[in-house]
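Engineer: I am attaching a structure below and will ask some questions about it afterwards.
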Amino acid sequence: MMGRRGKVEGLPDDVRRWLERALMDSGFSGYEDLKSMLAERGYVMSKSAIHRYGSKIERRFSAIKASTEAARLLTEGAADDQDARSEAMIALVQTEMFESIINLQEASADDIDPLERMGLLSKAAKNIASLTTASVRLKKFQVEVREKVSAKLNALEAEAKGGKGRAFDAETLRIVREEIYGIV
């Protein structure tokens, strides 16, 4: 059974949006003044109806603020979860190895003994194999982290769309998904 709709919800969209902004600007107080301003606009509304609506908007606003803060903290932690530092280090070492191999190939027989060159290339090949393995594992780990975050966001969106009492809406979750995590 759904509760009855409040009088404020029956206001035209532009008036309701104005009221929501006014509630936020007033710090969810000054209901008597808001009642008078609504009356000046031609809408008779009790102070308690405005207060009930204001309380509902304040809870939503607080939930959005909390979820945004949680998303920010998760994003800050995500660099560790996705191991971006390791990725950067692997890329740096790979670049150095590549440049060393180029220099080794460009070196003449006068600069380096062919057997020594072969030994250095052999060591480089082993190190490249280790780096490649580490890089592949890291990429797999990063994909798993992204999939877990995406699955959790999908579940939260489904829950929000299903109206299961969540304090934030599907649009907020879409914004978190796309703008914070970059998952489309």
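Engineer: Can you name the residue in the stretch 126-140 that is among the small types (Gly, Ala, Ser) and touching a helix residue (DSSP H, G or I) at 6+ places or on another chain (Cβ under 9 Å) and is also most open to solvent (accessible area, probe 1.4 Å) among such residues?
Structural biologist: ALA134
Engineer: Would you pick out the residues in the stretch 14-50 that are outside any helix (DSSP H, G or I) and open to solvent by 80 Å² or more (accessible area, probe 1.4 Å)? Break it down into steps so the answer makes sense when it comes.
Structural biologist: The initial filter retains those residues of the stretch 14-50 that are outside any helix (DSSP H, G or I), namely 26-30, 41-46.
Answer for the stretch 14-50, where residues must be outside any helix (DSSP H, G or I) and open to solvent by 80 Å² or more (accessible area, probe 1.4 Å): ARG41, VAL44.
The values are calculated or read from the model by the stated rules, or taken from the named source; none is laboratory data. Since this is a predicted model, take the numbers as computed values, not measurements. Glycine gets a Cβ as well: all are built from the backbone with ideal geometry, and neighbour counts include every protein chain shown. Calculation scope for accessible area: heavy atoms of the full protein, side chains included, ligands and nucleic acids excluded. Shrake-Rupley method; radii C 1.70, N 1.55, O 1.52, S 1.80 Å.
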